[in-house]
Amino acid sequence: NCTSNNTNKNCYDVDNESRVFLIFASPATECAITAMGIMGMVPAHLTRSIGGGFDNECVAMSAMCLTFYFWVRSLRQSDGKSYSYGVATGISYFYMAATWGGYVFVLNMIGLHAAVLVLLGRFTTKVYLSYTLFYIVGTILAIQIPVVGLAPIKSLEQLGPCLVFLGYQLLQYCESSIRKKNIGRYDAWVFRLKVFLTASIIGSIVIFKCIPEGYFGPISTRVRGLFVEHSKTGNPLVDSVAEHQPADSSVYFRYLQYLCICSPIGALFCLIYFGNAASFVLLYAMVAYFFSHRMVRLILLLGPVASILSGIAIGRIMTWSFTQLWLEDEESPEIENADE
């Protein structure tokens, strides 16, 4: 809402920004450009990219980033129809599931973020539509892949997002009923409690009936190896491979270089400008750090988010610096004329 008559140093008009290198209408632009440049040369990404080799992870990393982008884009608050990107998120997730078994991480990452949004009090109809469209489209497409099959609704490591999906349906029903009945705050919480308690009882009965029939599949050895000591996974291949061992501090600097310093600064910017997108980046960073600490190979998951956080830090600082220099140059003639 800035105009050319505004003298605030934090605001600059369109003419000024069009003449200054790296200063754009949106702070996200310079952050994105910086993040892309960093991601194109950080070793953590190059080791599993088209530049470093060609295997399943090469294609999967692009699919993962595309899925996360569409998910965050579907949550944009300034766009009333952004929830339609939930369909694109589901299609990208299908692409991810068709390329690499790491699609489980993508599914759980989005499901976890959807649950955290509820805990943060950021659940809205848009968030509900975004996640519902993603899960329905993504699951229907993913089960068409022979290797995947019915795993999204049977495997224990993928049931978390399914429970979040069911919880979203109940929560949306509660919120719609509360708005229609226009009931008070206390009665609204009582109504929510009754709905979720009833659903929990019914769900427990269904689960206890399905367990003896062997409906639910076990947690895979690779996933179990992320939470227990590698010598106890029961798979000699997983236990002996070097890249499946826990990471130490030297590994992070070897693969991330100076992103280890810039990423925390970017995380601080995300906390200052907190929103749905920022919460996802922070959550992604924490989860990726946990898994990379458990297994060296999974530092490849940390490469994109480390680039994003560093891009946010460097992009914002550079833009602020260029803006201050340009404004000083623009204001100096006026000051000289005033002195005369």
For TYR273 and THR125, compute 0.36 nm times the residue count separating them, minus their Cα-Cα distance, and round to one decimal in nm. 51.1 nm
What is the distance, in nm, between label points placed 7 Å from the Cα along the Cα-to-Cβ direction at LEU163 and at ILE140? 2.6
A correct Kirkwood calculation over the Cα atoms of the stretch 53-186 returns a hydrodynamic radius in Å of 15.4
If the limit is 26 Å between Cα atoms, which of LYS126/LYS209; LYS81/LYS154; LYS126/LYS194 go over it? LYS126/LYS209; LYS81/LYS154
Solvent-accessible area, 1.4 Å probe, carbon plus sulfur percent, for the stretch 113-201: 70
Viscosity 1.306 mPa s, temperature 10 °C: what is the translational diffusion coefficient of the stretch 76-146 from Stokes-Einstein with a Kirkwood Rh over Cα pairs, rounded to a whole number of µm²/s? 127
What's the extension gain from ASP79 to CYS58 if we count 0.36 nm per residue and subtract their Cα-Cα distance? 4.3 nm
Restricting everything to alpha-carbon atoms, can you work out Rg to Rh for the stretch 170-212 with a Kirkwood hydrodynamic radius? 1.17
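The values are calculated or read from the model by the stated rules, or taken from the named source; none is laboratory data. All of these numbers come straight from a predicted model, not from anything done at the bench. Please note: Cβ atoms are built from the backbone with ideal geometry, for glycine as well, and neighbour counts cover all protein chains shown. Accessible surface areas use protein heavy atoms only, side chains included; no ligands, DNA or RNA. Shrake-Rupley method; radii C 1.70, N 1.55, O 1.52, S 1.80 Å.
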